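The values are calculated or read from the model by the stated rules, or taken from the named source; none is laboratory data. Computed from a predicted model, the values in this text were never measured in an experiment. Because the Cβ atoms are built from the backbone with ideal geometry, glycine has one as well, and the counts that use them run over all protein chains shown. Surface accessibility is based on the protein's heavy atoms, side chains included, excluding ligands, DNA and RNA. Shrake-Rupley method; radii C 1.70, N 1.55, O 1.52, S 1.80 Å.
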Amino acid sequence: MSRLLLPSATLVALTALAVAAPAHAQHDDLLRINRELFHSQMVEGDSLFLLDHSVPEYLVVGPGGVVEDRRRVIDGLGAFEGIDSLTISRERVHASDTHVVVTNRLEIHGSVALPIGPIGPLTVATTFVRRDGRWLALSRTSTPCLPAAAARELC
């Protein structure tokens, strides 16, 4: 009888791994896309990745509270010329059936062109929606970390 249970238990375990693997791979892909959205825009000043990995109605609420549509985001890429590199940490994927929100901490090494100047660290939330079998960025919002919150590692 134990011989019959072992293959069944093994089958259940293998089935669980098969179901978990695509979700994990999907999370890894979303994190990669999220990182590349930051890097391509802020370090490279390139809009092509954003155009390919976001919906036309993409919307950003920047750390200063400015709301920008995708065209305005692309038009403003020159403001990032003073950024040398980025540190992205504390990444988390929050998934529902139709949307995924990726949250992370963002540290900008360099400065954004005036009138903004140096900013950060930030907590960022990027919302992705599934369209035509692909996860595309729908919106992004950035909030500056208050010094007290950053000191306590809450942000």
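Is it fair to say residue 88 is open to solvent by 40 Å² or more (accessible area, probe 1.4 Å), in a strand (DSSP E or B), without any contact (Cβ under 8 Å) to a residue 60 or more places away in the chain and in contact with a helix residue (DSSP H, G or I) (Cβ under 8 Å, 6 or more places away or on another chain)? The answer is yes for residue 88.
Checking each residue of the stretch 111-123 against the condition of being open to solvent by 30 Å² or more (accessible area, probe 1.4 Å), assigned to a strand (DSSP E or B) and farther than 21 Å from residue 66 by Cα gives no match. Selection over the stretch 108-124 of residues that are among the β-branched types (Val, Ile, Thr) and at pLDDT 90 or above gives a count of 2.
Out of the stretch 124-146, which residues are within 19 Å of residue 68 (Cβ to Cβ) and among the basic types (Lys, Arg)?
Correct list: 140 only.
Taking the listed residues 50, 30, 37, the one that is over 23 Å from residue 155 (Cβ atoms) and open to solvent by less than 40 Å² (accessible area, probe 1.4 Å) is 50, with no other qualifying. When residue 94 is tested against (1) over 13 Å from the mean Cα position of the chain (by Cα); (2) open to solvent by 70 Å² or more (accessible area, probe 1.4 Å), only condition (1) is not met. In the stretch 129-155, the qualifying residues are those that are open to solvent by less than 30 Å² (accessible area, probe 1.4 Å) and of a type outside the set (A, V, I, L, M), and the one that is farthest from residue 119 (Cα to Cα) is 135. Within the stretch 68-85, can you find the residues that are surrounded by 13 or more Cβ atoms within 10 Å (Cβ to Cβ), part of a strand (DSSP E or B) and at pLDDT 90 or above? Those that are surrounded by 13 or more Cβ atoms within 10 Å (Cβ to Cβ), part of a strand (DSSP E or B) and at pLDDT 90 or above: 68, 69.
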